[in-house]
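Since the structure comes first, as structure tokens, the remarks are kept for the end.
Values quoted throughout were computed directly from the atomic coordinates according to the rules given, and no laboratory measurement underlies them. Everything numeric in this text was worked out from a predicted model, so none of it was measured. Counting neighbours? That spans all protein chains shown, and the Cβs are built from the backbone with ideal geometry, glycine included.
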Amino acid sequence: MYLSKLTEVTTFVLDVDGVMTDGRVLVTEEGNMLRSFNIKDGFAMQLAIKLGYNICIITGGNSSGVIKRLEGLGITDIYSKIHEKLPVFQEYLSAKNLKASEVAYMGDDIPDYNLIKEVGLKCCPSDASHDIKDICDFISFYPGGGGCVRELIEKVLRAQSKWDLGTIGIW
């Protein structure tokens, strides 16, 4: 059961496309690729950062708009255009002096497979590929881009008695 793992989490590592977005890309006439993010996910990530959690993004994408959005949320550990995620993750753990057992990773597809197998809490959105779902501890009720990141962060904060509605609203 994954519930006992929630209390060990200090760090959230997330993919972008298919996790923080619904995986669709709109392409403008100029060739710009546009994605849509969920505001509830953003709120939860900002709150987690303010409460002292680490948030790291490791994505194969390389959109300046996505990076601006993530930086606007206060995320500083952003690794884009990464095709082999596991080595970057291992470097991140070393640089931050973290253990893989204290990381919750949320990914949705084959590029996430090798990394997700290494973490303490393996997570995915409800519409993740079957190969990813098969190895996850926690499968969100929500699809990618639909609040799955918020659900994960909220579950961790509640399990650690840090989801205090009396103080959350004053952030």
Quick one: 80, 161, fewest Cβ neighbours within 10 Å first, how do they rank? 161, 80
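Express the relative contact order of the chain as a whole percentage, based on alpha carbon pairs under 8 Å and six or more residues apart in sequence.
Dividing the mean separation by the residue count of the chain yields 29 percent.
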Taking residue 117 as the anchor, which aspartates and glutamates have their alpha carbon closer than 15 Å to its alpha carbon, excluding any fewer than eight residues away along the same chain? 15, 84, 102, 108, 109, 131, 134, 137
Take the alpha-carbon centre of region 1-46, take the same for region 112-171, and report the distance between them in whole Å. 10 Å
So which GluC sites (Glu not before Pro) in region 57-152 are both in a DSSP loop and have at most 14 other Cβ atoms within 10 Å of their Cβ? 84
Please rank 106, 33, fewest neighbouring Cβ atoms within 10 Å first, as an exposure proxy. 33, 106
Region 1-45: GluC sites (Glu not before Pro) falling in loop per DSSP and having at most 12 other Cβ within 10 Å: 29, 30
Of 117, 122, 5, 133, how do they rank once you tally other Cβ atoms within 10 Å and put the fewest first? 117, 133, 5, 122
Which entry in (1) 14.9, 42; (2) 17.5, 64; (3) 15.1, 49 is this structure's computed Rg and Dmax of the Cα atoms in Å? (3)
